[in-house]
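Student: Sharing a structure here in structure tokens format.
Every number in this text was worked out from the coordinates using simple rules, so none of it is lab data. Computed from a predicted model, the values in this text were never measured in an experiment. Every residue, glycine as well, gets a Cβ built from its backbone with ideal geometry; the counts of neighbours run over all protein chains shown.
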Amino acid sequence: MAQPQVSPAWASTAVGDLLCGRSQDAVVLAATRAASYLSVPEPGSSTPVIALLTEEAVRLPIGVSVATGKLPEAGSTVRIGDGSIVAGDHVWRPARWWDPRPRLAADDLFRHGSELLEVLGEQPDSSFGLPLADALGVAVALAAGDFGAALEVIGLGPGLTPAGDDVVAGALAVLALGGRLNERARDAIDARACTHTTALSGALVAAAGKGQVIPQAAAVLTVLATGGPLVRLQSAAAELFSVGATSGHDLCAGMAGILAGSVLDRTSRSTGEVTTSPRSPR
């Protein structure tokens with residue numbers, strides 16, 4: 001009997017508990033040329049979905065990147081745990097890890113965050129899956145503690161990661177990284193995502209609530225937090241905008257709305273005015 005081929009993998013620390021925990025079966029929910037999405041049935045697991053990614057795929061915060069081996073097909077069963085992922089005659093074992101939660105100075109991030117609106121305002125309307133004004137409104141409301149609008153847009157839009165989910169994920173990530181995410185809001189959004197969107201998108205929304213993001217989003221937030229020049233912010237944003245059909249733009253809109261909401265909140269407190277929605281940057 002032929003021995004299975006063993007290859008190294010590069011894994012997110014967000015899925016470390018599952019990869020290093022007890023061995024169990026996972027079902028491939030969906031598969032593309034660049035990724036396979038594994039549903040993990042373990043109750044209370046750190047994430048219900050793990051993304052097995054090729055090197056050309058976007059490095060999702062719930063991902064395991066591999067350089068060799070055929071990805072498993074939709075509907076097939078994969079064995080995961082005990083430090084490996086086993087699909088057919090191929091075994092992947094993590095040799096390196098990355099942390100999907102960027103380390104940022106929260107005060108500096110919120111101090112410079114309004115600059116992201118200027119960059120977003122240069123993008124055409126067709127770039128967004130959810131209209132920019134609507135996306136900013138959802139995020140600004142969430143920044144103020146009102147998560148009703150966020151619940152309403154969960155699952156809104158086509159694809160494995162609907163536009164509404166991307167907006168909410170971007171907003172949640174900034175709140176989590178800034179230490180400003182209300183646990184009641186996070187729990188309500190996670191519960192909504194469990195029943196109103198795809199399993200993959202729900203897992204990414206949950207990851208965002210822990211401050212876990214794709215590298216392109218982390219790069220934008222890092223430039224903001226370090227007070228980088230506008231040209232660097234535009235370059236980092238361009239990389240984020242290239243993700244998916246509209247996902248990068250929608251993620252960025254959610255991030256910008258939280259940062260803008262923080263500015264509006266400070267302004268309203270200093271002037272005594274109450275502002276409920278942002279002015280469109282167009």
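Student: What is the helix-to-structure angle for 215-225, meaning the angle in degrees between its Cα long axis and the longest Cα principal axis of the chain, kept from 0 to 90 and rounded to the nearest 10?
Tutor: 30
Student: Suppose the chain between residue 23 and residue 235 were pulled fully straight at 0.36 nm per residue; how much longer would it get relative to their current alpha carbon spacing?
Tutor: Working it through step by step, the gained length comes to 72.1 nm.
Student: With +1 on each Lys and Arg Cβ and -1 on each Asp and Glu Cβ, and nothing else charged, work out how big the dipole of the stretch 30-104 is about its Cα centre, in Debye to the nearest 20.
Tutor: The calculated dipole for the stretch 30-104 is roughly 220 debye.
Student: Suppose every Lys and Arg Cβ carries +1 and every Asp and Glu Cβ carries -1, with no other charges. What dipole size does the chain come out with about its Cα centre, to the nearest 20 debye?
Tutor: With Lys and Arg at +1 and Asp and Glu at -1, about 440 debye.
Student: Calculate, for residue 183 and residue 34, the FRET efficiency according to 1/(1 + (r/R0)^6) with r their C-beta to C-beta distance and R0 51 Å; round to the nearest 0.05.
Tutor: Calculated transfer efficiency: 0.90.
Student: Compute the helix-to-body angle for 183-196: its Cα long axis versus the longest principal axis of the chain, expressed 0 to 90° and rounded to tens.
Tutor: Its long axis makes an angle of about 60 degrees.
Student: Any idea which of 29, 50, 69 is furthest toward the positive side of the dipole for the stretch 5-98, if Lys and Arg beta-carbons carry +1 and Asp and Glu beta-carbons -1?
Tutor: Of the candidates, 69 comes out farthest on the positive side.
Student: Further, regarding this structure: Under the rule of -39500 (n - 2.57) per DSSP H run of 4 or more residues, summed and divided by the residues of the chain, what mean residue ellipticity at 222 nm is obtained, to the nearest 500 deg cm²/dmol?
Tutor: So the helix-based figure for the chain works out to -13500 deg cm²/dmol.
Student: Kindly express, to the nearest 10 degrees and within the range 0 to 90, the angle between helix 132-143's C-alpha long axis and the longest C-alpha principal axis of the chain.
Tutor: Tilt of helix 132-143: around 90 degrees.
Student: So, one more: Considering only 261, 233, 194, whose Cα is most displaced toward the positive end of the charge dipole of the chain, charges sitting on Cβ of Lys, Arg (+1) and Asp, Glu (-1)?
Tutor: Of the listed residues, the answer is 233.
Student: Tally the DSSP beta bridges in the chain and give the antiparallel ones as a percent, rounded to 5.
Tutor: Percentage antiparallel, nearest 5: 65.
Student: On a C-alpha basis, how far is the centre of the stretch 164-197 from the centre of the stretch 218-254 in Å? Whole number, if you could?
Tutor: 19
Student: Further, regarding this structure: Give the residue from 218, 91, 113 lying farthest towards the positive end of the charge dipole for the chain; charges sit on Cβ (+1 for Lys and Arg, -1 for Asp and Glu) and the dipole is referred to the Cα centre.
Tutor: 91
Student: Mind checking the dipole of the stretch 1-132: about its Cα centre, +1 per Lys or Arg Cβ, -1 per Asp or Glu Cβ, Debye to the nearest 20?
Tutor: 500
Student: Across the chain, how large is the tail of the calculated P(r) beyond 24 Å, expressed as a percent of all Cα pairs?
Tutor: 48
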